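Notes to accompany the following structure.
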Amino acid sequence: MHYVGGYEANIFDLRGQPLAARDAQHENILLMHQYFLLYEEISFSMNHGDIGHLETLFPPWIYLFRATGKHKYAALMVTFMTDVHFVYLPGLKHAVRYNLMVNPTGKEGKFRGADWVEELNTLFTMVQFY
């Protein structure tokens, strides 16, 4: 049995083997599973409003965005993290970090991004008044 995470799934060791001993399908599946796990982890931390865990997941996503040509997303995430941790005063840092995610329903696991809630409110306003 092979595991996706941990020391056993070191893709760099697998790719360092001779071409005859490599299994390209296995390497690609390992990478895909690692990306799926990363997505699952960020989705879970966002749904539960875990800001600290969410911030620890930003660096891998920055690398993924850069690797796929989404340089603007990566640059904005780097700027945001730099500003929050090194530029903003402690009070502003606290306010920004703890208002990234909003729970409009008050139910567990129902946190959403603040911009998503604003867009939803705009939609409700349009439906009601137009």
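The values are calculated or read from the model by the stated rules, or taken from the named source; none is laboratory data. Here the structure is a predicted model, which means the values were calculated and not measured. We place every Cβ from the backbone using ideal geometry, glycine too, and count neighbours over all the protein chains shown.
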*Write out, first by first residue and then by second, each pair whose Cβ atoms fall under 6 Å of each other, whose residues are 6+ apart or on separate chains, and whose first residue, in region 32-48, is within 27 Å of P104 (Cα to Cα) while the second is surrounded by 15 or more Cβ atoms within 10 Å (Cβ to Cβ).*
I42/L57; S45/L54; N47/F111
_Anything in region 21-55 that is closer than 21 Å to H85 by Cβ and surrounded by 12 or more Cβ atoms within 10 Å (Cβ to Cβ)? List them, or say none._
E41, I42, S45, M46, G49, D50, I51, H53, L54, E55
*asked:* Is it the case, given these coordinates, that F65 is in a helix (DSSP H, G or I), without any contact (Cβ under 8 Å) to a residue 24 or more places away in the chain and loosely packed, with under 15 Cβ neighbours inside 10 Å?
replied: no
*When region 94-109 is examined, which residues are found to be of a type in the set (D, E, K, R) and closer than 16 Å to H53 by Cα?*
R97
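Conditions tested, residue by residue: (1) at pLDDT below 95; (2) in contact with a His (Cβ under 8 Å, 6 or more places away or on another chain); (3) surrounded by 10 or more Cβ atoms within 10 Å (Cβ to Cβ).
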{"residue": "K72", "(1), (2), (3)": "no, no, no"}
{"residue": "V78", "(1), (2), (3)": "no, no, yes"}
{"residue": "V96", "(1), (2), (3)": "yes, no, yes"}
{"residue": "G106", "(1), (2), (3)": "yes, no, no"}
{"residue": "F111", "(1), (2), (3)": "yes, yes, yes"}
*asked:* Of everything in region 81-130, what is charged (D, E, K, R), in a helix (DSSP H, G or I) and free of Cβ contacts under 8 Å to residues at least 40 places away in the same chain? Give them in sequence order.
replied: D83, K93, D115, E118, E119
